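The values are calculated or read from the model by the stated rules, or taken from the named source; none is laboratory data. Everything quoted here is computed from the prediction, not taken from an experiment. Glycine also receives a Cβ, built like all others from the backbone with ideal geometry; neighbour counts cover every protein chain displayed.
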Amino acid sequence: MQHPSDERTLVIVKPDGVQRSLVGEIIGRFEKVGLKLVGMKMMVPDANKVEEHYTLDPNWKRVTGEKTISSYQAKGMTPPSMDPLEITAKILANLKKYLASGPAVFMVWEGAHAVKIVRKLGGGTEPLSSDVGTIRGDYVLDSYQMADVDGRAVRNLVHMSGSVEEANAEIKHWFTDAELTDYRIIHEEILYDVNLDGILE
């Protein structure tokens, strides 16, 4: 059985995060909580590979469209369409354009509850409604409303895997096994040593 400390998740600092020189700040957030960086690279993502990334889950198109429709209705607004797949087609086109617009930084983080910890630190998908103290809440002011008016994807700095299963699939999509490094880092002794018997000589 895998120990919780071995959990891994994917983080992408999107092109807006790179352009705003926030890569170091974002990395620092994850390092300070105790996560370990086990893979990292920079590239301009290919649009087709971006589409494959978002559609690794065969239900993503339907679920994303349904969530978007519900979000509009909850705000008393009329959705642009009642067809979830039609809505998601526009969302996906905007995401492909956004992520392929420039260099992005791809990272794999490891540690206990990595998926949930990263999502907690990152904040909600919409920066406007993200909590203060999160990456999106602290460093970006975009909103669904503004993105809809402009006909583009929400610029929210980072992508973070939504579940352990999603993380495993996304990591395999962007990284080979050879690009990930298994190693020890000293703070793991404090975070995971059961008896803390490695402190005193």
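Surrounded by 10 or more Cβ atoms within 10 Å (Cβ to Cβ), more than 15 Å from Leu10 (Cβ to Cβ) and at pLDDT 95 or above: does that describe Asn156? In short, yes. When residues in the range 125-147 are screened for being among the hydrophobic types (A, V, I, L, M, F, W, C) and either under 23 Å from Val33 (Cα atoms) or crowded, with 18+ Cβ neighbours inside 10 Å (or both), 4 of them pass. Any residue at all in the range 182-191 that is free of Cβ contacts under 8 Å to residues at least 40 places away in the same chain, among the acidic types (Asp, Glu), more than 30 Å from Gly124 (Cβ to Cβ) and loosely packed, with under 11 Cβ neighbours inside 10 Å? Within the range 182-191, not a single residue is free of Cβ contacts under 8 Å to residues at least 40 places away in the same chain, among the acidic types (Asp, Glu), more than 30 Å from Gly124 (Cβ to Cβ) and loosely packed, with under 11 Cβ neighbours inside 10 Å. Take the conditions (1) in the same structural domain as Met146 (by TED's automatic domain parsing); (2) surrounded by 19 or more Cβ atoms within 10 Å (Cβ to Cβ); (3) of a type in the set (S, T, N, Q); Thr68 misses just one of them, which is (1). Among the residues of the range 78-111, those that are among the β-branched types (Val, Ile, Thr) and within 21 Å of Ser21 (Cα to Cα) comprise Val105, Val108. Can you find, within the range 31-47, the residue that is nearest to Leu95 (Cα to Cα) among those that are touching a residue at least 40 places away in the same chain (Cβ under 8 Å) and part of a helix (DSSP H, G or I)? Among residues in the range 31-47 that are touching a residue at least 40 places away in the same chain (Cβ under 8 Å) and part of a helix (DSSP H, G or I), the one nearest to Leu95 (Cα to Cα) is Ala47. Selection of the range 103-114 for residues being touching a strand residue (DSSP E or B) at 6+ places or on another chain (Cβ under 6 Å), hydrophobic (A, V, I, L, M, F, W, C) and under 14 Å from Glu31 (Cα atoms) yields Met107, Val108, Trp109, Ala114. Taken together, Glu52, Glu86, Glu66 contain a single residue that is farther than 26 Å from Leu121 by Cβ, outside any loop (DSSP other than H, G, I, E, B) and touching a residue at least 24 places away in the same chain (Cβ under 8 Å), which is Glu52. Taking the range 1-23 as the range and being within 19 Å of Leu121 (Cβ to Cβ), more than 16 Å from the chain's Cα centre (by Cα) and outside any loop (DSSP other than H, G, I, E, B) as the test, the residues that pass are Pro4, Ser5.
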